[in-house]
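**Q** Pasting in a structure now, in structure tokens, and then I'll have a few things to ask.
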Amino acid sequence: MIQNVAVRKISLANYRGLISPKDYSQILDQAKSLKGLRVLHVNTSTDGGVGEILKTLVPLLQDVGIAAEWVIFDKNNNFFKVSKDLHNFLQGKKGDLTDEQKDLYLSVNEQLAQVLNQRQFDILLIHDPQPAAAITFIPNRISSIWRCHIDTSKTNVFVWNWFSKFLPKYDRYIFTLRKYIGKDLDYKKCRIIPPAIDPLSEKNDPLDKMASDRIVKNFGIDPAKPLVSQISRFDPWKDPWGVMDAYREAKKEILNLQLGLVGVFAPDDPEAKEVVADLRKYAKSDPDIHILSNLDGVGNLEVNGFQVASDAIIQKSTREGFGLTVSEGMWKGKPVIGGKTGGIVEQIVDGDTGFLVTTAHETAEKIVYLLKNPDAANKMGVRGKERVRQHFLITRLLLDHLRLYDELV
């Protein structure tokens, strides 16, 4: 039912040169009184944004003395469909779960709770909606936190009213933005903690131009021509069709423009397969549109290469809990054009570290501006990287977690 995730050892000392001495000392001081605290993180996958965060957060917690563990629970195909629908409804999609889907959701969560009840921990931290109801089947002897990573600002009221009945037992809730806090939740239990990137991961490690050019060339990109890329899941909320429309409009002025739509999806994700198939039709065999995924050999290093090789990064989401790819692009010193929604608004200072847009036409205008004004684009990139350093690195997230744990012990 659940699998332990083995994480590599990471030393906080590796990050010392990236953050201020004050921040470094605060982390060590906060951890002193928490040594030996048993914290169990639960989610559904080692992939995606949440998995990326936990791959660094958990070993850093261990390095400062927290007995942190991470488990994922197996999902059959039927539950995958239910959890995908639940995710979309909570982000605002119209409709409702069927009674059969609700029964399956609760049944799987009860099974998960039975397994978790056999483990020893002081704090249970459940990530996202899929395993959230497990808390209703777990005794009150432990402290618990629910971490919501998605944008619930315009949630489906019918589904939220059903789902939120399982949440009151949690001692704390973590949301990315204040406006995501769901109605009827105890506001005093809520904490606002944005996600963060690991600047030393394979995806964010420094990569020189020669290496990035070699990577994109392997996928048919000409490094001598301008390139804009969107790195994201193949998901309707990411609006890849709008990105393609913006590219086509911008290409009328930037004739040799290339577009990379680069993402990762699970082989058992039917929605992602449908999105990719539809995008290939929508591309109309344009040789300058490159739709690439992990099935084509795209991994973290390749994502890094595309971000470094791109003249601008796009994240034209219509809903976005946070959007780690925005901070990733900014960390590479690239100007980012992001959808004016959710966590993207918290990362991009419009006109200073990038641009916020709502339409394909606006996106096209910003692409053309950045490519025709490379000095302005470079200055935006420099300011963007510093903003990430100040606000969106994993060390800040580590300190936020330590402070939250301290509230519960």
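The values are calculated or read from the model by the stated rules, or taken from the named source; none is laboratory data. Quantities reported herein were computed from a predicted structural model and do not represent experimental measurements. When we count neighbours, we look across all protein chains shown, and the Cβ atoms used for this are built from the backbone with ideal geometry, even at glycine.
**Q** Out of all the residues in segment 257-266, is one or more in a helix (DSSP H, G or I), surrounded by fewer than 22 Cβ atoms within 10 Å (Cβ to Cβ) and in contact (Cβ under 8 Å) with a residue 24 or more places away in the chain?
**A** no
**Q** So, one more: List the number of the failed condition for residue 205; all other conditions in (1) over 21 Å from residue 388 (Cα atoms); (2) assigned to a loop (DSSP other than H, G, I, E, B) hold.
**A** (1)
**Q** So, one more: Just give me the residues in segment 125-161 being out of contact with any Phe, Trp or Tyr (no Cβ under 9 Å at 6 or more places or on another chain) and crowded, with 17+ Cβ neighbours inside 10 Å, in sequence order. If you could, list the steps in order and put the result at the bottom.
**A** Kept after step one, since they are out of contact with any Phe, Trp or Tyr (no Cβ under 9 Å at 6 or more places or on another chain), are these residues of segment 125-161: 137-141, 154, 157, 161.
Once the filter is applied, which keeps residues that are out of contact with any Phe, Trp or Tyr (no Cβ under 9 Å at 6 or more places or on another chain) and crowded, with 17+ Cβ neighbours inside 10 Å, segment 125-161 yields 137, 138.
**Q** Here is a follow-up. Do we have residue 69 as within 28 Å of residue 150 (Cβ to Cβ), out of contact with any Pro (no Cβ under 8 Å at 6 or more places or on another chain), at pLDDT 95 or above and of a type in the set (Asp, Glu) here?
**A** Criteria met by residue 69.
**Q** Also, I was wondering about something else. Taking the residues in segment 255-274 that are touching a strand residue (DSSP E or B) at 6+ places or on another chain (Cβ under 9 Å) and not small (Gly, Ala, Ser) as candidates, determine which candidate is farthest from residue 215 (Cα to Cα).
**A** Here the residue is 265.
**Q** Before we move on, is residue 203 surrounded by fewer than 18 Cβ atoms within 10 Å (Cβ to Cβ) and within 30 Å of residue 357 (Cβ to Cβ)?
**A** So residue 203 does not fit the description; no.
**Q** A further question on this structure: Somewhere in segment 359-378, is a residue in a helix (DSSP H, G or I), within 22 Å of the chain's Cα centre (by Cα) and of a type in the set (Gly, Ala, Ser)?
**A** Among the residues of segment 359-378, not one is in a helix (DSSP H, G or I), within 22 Å of the chain's Cα centre (by Cα) and of a type in the set (Gly, Ala, Ser), which makes the answer no.
**Q** For the structure I just gave you, tell me whether residue 227 is touching an Asp or Glu at 6+ places or on another chain (Cβ under 7 Å) and either buried (at least 16 other Cβ atoms within 10 Å of the Cβ) or under 22 Å from residue 288 (Cα atoms) (or both).
**A** Answer is yes for this residue.
Here is a yes/no grid of residues against (1) within 30 Å of residue 257 (Cβ to Cβ); (2) of a type in the set (A, V, I, L, M, F, W, C):
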position	(1), (2)
360	yes, yes
363	yes, no
371	yes, yes
378	yes, no
381	yes, no
386	yes, no
392	yes, yes
396	no, no
399	no, yes
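**Q** Turning to a different aspect of this structure: Assuming residue 338 fulfils every condition listed in (1) modelled with pLDDT of 95 or more; (2) touching a Phe, Trp or Tyr at 6+ places or on another chain (Cβ under 9 Å); (3) in a loop (DSSP other than H, G, I, E, B) apart from one, which condition is it?
**A** (3)
**Q** Related question: For residue 110, indicate whether it is in contact with an Asp or Glu (Cβ under 8 Å, 6 or more places away or on another chain), under 24 Å from residue 134 (Cβ atoms) and either assigned to a helix (DSSP H, G or I) or assigned by TED's automatic domain parsing to the domain that holds residue 404 (or both).
**A** no
**Q** Which of the residues spanning segment 21-75 are farther than 18 Å from residue 201 by Cα, assigned to a helix (DSSP H, G or I) and in contact (Cβ under 8 Å) with a residue 60 or more places away in the chain?
**A** If the condition is that a residue be farther than 18 Å from residue 201 by Cα, assigned to a helix (DSSP H, G or I) and in contact (Cβ under 8 Å) with a residue 60 or more places away in the chain, then 23, 24, 26, 27, 30, 31 are the ones that fit.
**Q** Looking only at segment 344-386, which residues are of a type in the set (Ser, Thr, Tyr), surrounded by 20 or more Cβ atoms within 10 Å (Cβ to Cβ) and touching a residue at least 60 places away in the same chain (Cβ under 8 Å)?
**A** Start the filter on segment 344-386 by keeping residues that are of a type in the set (Ser, Thr, Tyr), which leaves 353, 358-359, 363, 369.
Okay, now just the ones that are also surrounded by 20 or more Cβ atoms within 10 Å (Cβ to Cβ), so 353, 363.
Matches in segment 344-386: 363 only.
**Q** Could you count how many residues in segment 312-329 are outside any helix (DSSP H, G or I) and buried (at least 20 other Cβ atoms within 10 Å of the Cβ)?
**A** 11
**Q** Examine segment 292-303 for a residue that is within 25 Å of residue 86 (Cβ to Cβ) and of a type in the set (Val, Ile, Thr), and state whether such a residue exists.
**A** Checked against the condition, which is being within 25 Å of residue 86 (Cβ to Cβ) and of a type in the set (Val, Ile, Thr), segment 292-303 yields no hits at all.
**Q** Hey, residue 27 hits all of (1) hydrophobic (A, V, I, L, M, F, W, C); (2) under 16 Å from residue 199 (Cβ atoms); (3) surrounded by 18 or more Cβ atoms within 10 Å (Cβ to Cβ); (4) within 23 Å of the chain's Cα centre (by Cα) but one; which does it fall short on?
**A** (4)
**Q** Would you confirm whether or not segment 120-130 contains a residue that is touching a residue at least 24 places away in the same chain (Cβ under 8 Å) and assigned to a helix (DSSP H, G or I)?
**A** no
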